[in-house]
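What follows is a single structure, written as structure tokens, with notes after it.
Read-outs: derived from the displayed coordinates by stated rules, not from any lab. Predicted model, so just to flag it, every value in this text is computed and none were measured. Here Cβ is always computed from backbone atoms with ideal geometry, including for glycine, and neighbour counts include all displayed protein chains.
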Amino acid sequence: MVIYCGSFSKSFSPAFRMGYLVAPENVITLLSRARILLDRQGDHILDNAMAAL
């Protein structure tokens, strides 16, 4: 199993705190559930901006 993760902070700005994960679907599902428990608020403006890129 290979899990690849990274961040966009060096490409854009250190304040741009967003990363990515490439992994099997079951791993992403499990980690997404854990993320929801840890951070319920999120940053929707930043998420939408990244999705537009």
Query raised in the report: Quick check, is Ile36 within 12 Å of the chain's Cα centre (by Cα) and of a type outside the set (Asp, Glu)?
Result: yes
Report summary line: Selection over region 31-53 where residues are among the β-branched types (Val, Ile, Thr) and within 20 Å of Ser9 (Cα to Cα) yields a count of 1
Query raised in the report: How many of the residues making up region 10-35 are hydroxyl-bearing (Ser, Thr, Tyr), out of contact with any strand residue (DSSP E or B) (no Cβ under 8 Å at 6 or more places or on another chain), surrounded by 10 or more Cβ atoms within 10 Å (Cβ to Cβ) and under 17 Å from Asp47 (Cβ atoms)?
Result: 1
Query raised in the report: Restricting attention to region 30-49, does a residue exist that is outside any helix (DSSP H, G or I) and hydroxyl-bearing (Ser, Thr, Tyr)?
Result: no
